Amino acid sequence: FNISTILERLHINAKNDAFSIGGSTWGSSAGATVKKITSPVDGKVIASVKMATTANYEQAVNAAQQAFTVWRTMPAPKRGEIVRQVGDALRKYKDDLGRLVSYEMGKSLQEGWGEVQEMIDICDFAVGQSRQLYGLTMHSERTQHRMYEQYHPLGVVGIISAFNFPVAVWSWNAALAWVCGNTCIWKPSEKTPLTAIACQHIVQEVFKQNNIPDGVSCLVIGDREVGELMANDARVPLVSATGSTRMGKAVATAVAGRLGRSLLELGGNNAIIITEDANLDMALIGAVFGAVGTAGQRCTTTRRLIIHESVYESFKQKLVKAYAQIRIGNPLDEHNHMGPLIDADAVKLYLDAIVKCKNEGGKFVVKGGKLEGAGYESGCYVKPCIAEVENSFAIVQHETFAPILYLIKYKTLDEAIALQNGVPQGLSSAIMTNNLRQAEQFLSYAGSDCGIANVNIGTSGAEIGGAFGGEKETGGGRESGSDAWKVYMRRQTNTINYSTTLPLAQGIKFDL
Ligand code: UN1
């Protein structure tokens, strides 16, 4: 692994400008603050980034607005063709970009590549979608009248993404927004700006070859101020935000205040119900990958296992044994299962959560703690841990972005479903069972209240083809597959009269 070669191939230099409207326009204002970006893998500085200023944000909005007037005139399938080329470019850069994701964010290399694969998949999906921006036709109640609806692009779409999926979640939004005819301004997490810069270069390469105007893809790296500017900006009709519930509430309030549209993908508190009829070996893989994958920093991470009392003890033993085999270390070493947390603050939140859990009466069957010594110099490596808890504990009700898994015992499926739903969040959920009746009850109107409900699959690792998102404090948004594209467009109802009279609807008479 030679980071400097990878950085060079992805056009990252020692001091990067954090603002781009595409083309060759990269820049930053004089006096912009410089942020050193450190890898949680080894604690080394990867590169520096000059943070964008308010003036840079203005430039981006202006460019995106101007580009919109051109981009919206290009036929949607032609825009799809550009996105197809972006997908191909991502295939070319998959290895390098996946490694940079792993190094900058800390997830395992397999998951880094997996994340880039999600980007490729959504590009493929968006290409097909570009020929399927379907509206309905209706029969008019008036003679010689025709009614139909069509979908038009919205304008400038703001995308706020989180550190844990630094590139994939942006691509879900951007690929669809583009084929729908919108231009995008991306504010990535300030913790992972380098992968964002790499993506902007990849997109730029394709756009340049196709003479796409500057402003279709804009990047503005800044802190929460940039997010606030976007949320309050009436020139940005849609703000798509991924992150904490706290951030989401602030964005939603600001956007609603100007009656704009927001698409929110916020916290999860995902559970797997493990029934007495489950294949426990399958359940084990689903649970462990779900809990320790991305070091517990996915919004789909398995945080709770709700286990039937008859298999509780035996499954607990299986878990304890499996956790003893988890190799924690440099995520670029494919031998390791789990890498570091994103930064020291995340470690502190993890340690605090363990204390809170103990204080509330949680009993740790696999102990946590910060790892020290050779290989762990960055100070971001922790042990995945497991605690037996009550669902009602405040800490269990809260999403801690770390590998802490909570075990809860149940007697009846009704009770298990109530426990599963008994949290403020509603993103992902799963049941492990070979019993059809249990599976169907879990998926029914009286079952899981989450946006994602799986059978014999864990809570994380959704495919891009389905709509992704959840209910309650998860924010209600749906991204990625199915008909999620509709949020990026405005619907127009058209009624056409091809008669020689003007009859009014509802039979109203009005004669002059
Ligand atoms: C996220 O954690 O924000 O379903 C996205 C999954 C991934 C996406 C997670 N496909 O785990």
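Since every read-out is calculated from the coordinates, none of them should be taken as a lab result. Small disclaimer: the values here were computed from a predicted structure and weren't measured. Heads up, the Cβs are rebuilt from the backbone with ideal geometry, glycines too, and the neighbour counts pull from every protein chain shown.
For the stretch 163-178, enumerate the residues that are part of a loop (DSSP other than H, G, I, E, B) and crowded, with 24+ Cβ neighbours inside 10 Å. Within the stretch 163-178, Asn164, Phe165, Pro166, Val167 meet the criteria. Scanning the stretch 259-279 for residues that are without any contact (Cβ under 8 Å) to a residue 40 or more places away in the chain and within 17 Å of Gln317 (Cβ to Cβ) returns a single hit, Glu276.
Within the option set Pro213, Pro237, being of a type outside the set (Phe, Trp, Tyr) and touching a Lys or Arg at 6+ places or on another chain (Cβ under 8 Å) holds for one residue only, Pro237.
Can you find a residue in the stretch 186-202 that is part of a strand (DSSP E or B) and surrounded by 18 or more Cβ atoms within 10 Å (Cβ to Cβ)? Step through it out loud before you land on a result.
First, pick out the residues of the stretch 186-202 that are part of a strand (DSSP E or B): 186-187.
Still in the running and surrounded by 18 or more Cβ atoms within 10 Å (Cβ to Cβ): 186-187.
Yes, there is a match, as at least one residue in the stretch 186-202 is part of a strand (DSSP E or B) and surrounded by 18 or more Cβ atoms within 10 Å (Cβ to Cβ).
Which ranges mark the strands (runs of 3 or more DSSP E) fully within the stretch 246-346 that have 2 or more residues being more than 16 Å from the ligand (Cβ to nearest atom) and under 24 Å from Lys367 (Cβ atoms)? Quick ask: steps written out before the conclusion?
Values: elements: 261-265, 270-274, 302-308.
The strands (runs of 3 or more DSSP E) meeting that bar are 302-308.
State which residue pairs qualify: first residue in contact (Cβ under 8 Å) with a residue 40 or more places away in the chain and more than 21 Å from Leu194 (Cα to Cα) and inside the stretch 220-238, second residue in a helix (DSSP H, G or I) and of a type in the set (Lys, Arg) in any location, beta carbons under 7 Å apart, and separation of 6 or more residues or different chains. Close Cβ pairs (under 7 Å, with a partner that is in a helix (DSSP H, G or I) and of a type in the set (Lys, Arg)) do not exist here. Could you list all residues from the stretch 289-305 that are in contact with a helix residue (DSSP H, G or I) (Cβ under 6 Å, 6 or more places away or on another chain) and surrounded by fewer than 24 Cβ atoms within 10 Å (Cβ to Cβ)? Passing the criteria: none in range.
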